[in-house]
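Colleague: Can you keep this structure in mind? I'll have questions shortly.
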Amino acid sequence: MIVLDTHVWLWWLHDPAKLSPAADKLIQQEQVSGTLILSAISVWEVAVKVQSGKLIIPIDINRWYELARSYPSTVIEPLSPVDAIASTQLPGDFHKDPADRIIVSLARRLAVPLLTCDRKILDYEHVITAW
């Protein structure tokens with residue numbers, strides 16, 4: 001089981017060449033014998049970027065979501081009040097982006113790696129990461 005950061009999810013779906021070889025391998029392994037976890041906050045991030053014109057997707061956002069959530073071994077984790085609270089109490093020094101804080105909190109609660117290339121998350125010692 002691994003948690004995918006929003007950009008990793010988008011790259012996996014639309015531009016897998018942007019994934020590191022290790023990230024690509026982890027995703028392939030989890031598709032076969034594990035689970036790819038996405039936070040509901042990632043769906044929100046995608047929808048906000050599409051609405052603002054910062055992200056172009058090939059089809060309507062509702063149809064895109066239906067297709068994206070049906071990929072093998074993909075689970076969209078609902079936003080948990082426990083993660084919402086934990087996101088405000090992360091140990092150490094972590095940046096203020098609410099979506100990143102919730103995604104990090106989800107990975108911490110599940111005690112699984114968070115697949116990301118975000119340097120701020122990779123440098124955060126209080127979450128297991130992979131890239």
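Readers should treat all values here as calculations from the given coordinates under stated rules, not as data from a laboratory. Note that the structure is a prediction, hence the values are computed from the model and not measured. Backbone-built Cβ (ideal geometry, glycine too); neighbour counts: all protein chains shown.
Colleague: Consider all pairwise Cα distances in the chain and report the whole-number % of them above 22 Å.
Modeller: In whole percent, the share of Cα-Cα pairs in the chain beyond 22 Å is 33.
Colleague: Right, next: Compare 107, 47, 23 in a GNM of the chain, Cα atoms joined below 10 Å, and give the one with the largest fluctuation.
Modeller: Comparing 107, 47, 23 in a Gaussian network model of the chain, the most mobile one is 47.
Colleague: Among 88, 116, 74, whose mean-square fluctuation peaks in a Gaussian network model of the chain (Cα, cutoff 10 Å)?
Modeller: 88
Colleague: Counting other Cβ atoms within 10 Å, keep those with at most 11, restrict to DSSP loop, and tell me which trypsin sites (Lys or Arg not before Pro) in region 31-130 are left.
Modeller: Those that pass, being in a loop and sparsely packed, are 54, 96.
Colleague: Given the options 67, 90, 111, identify the residue whose Cα lies farthest towards the positive end of the charge dipole of region 60-119 (+1 on Cβ of Lys, Arg; -1 on Cβ of Asp, Glu).
Modeller: Farthest along the dipole direction, towards plus: 111.
Colleague: Let me ask another. Largest first and in whole Å, give the semi-axes of region 59-131's equivalent ellipsoid, each being the square root of 5 times a Cα gyration tensor eigenvalue.
Modeller: Semi-axis lengths for region 59-131 are 24, 14, 12 Å.
Colleague: What per residue convex hull volume, in Å³, do the alpha-carbon atoms of region 22-65 yield?
Modeller: For region 22-65, the hull spanned by Cα atoms encloses 104 Å³ per residue.
Colleague: Right, here's the next one. How high is the relative contact order of the chain, in percent, with contacts defined as C-alpha pairs under 8 Å that are six or more residues apart?
Modeller: Working: 166 pairs, mean separation 41.0, N = 131.
The value is 31 percent.
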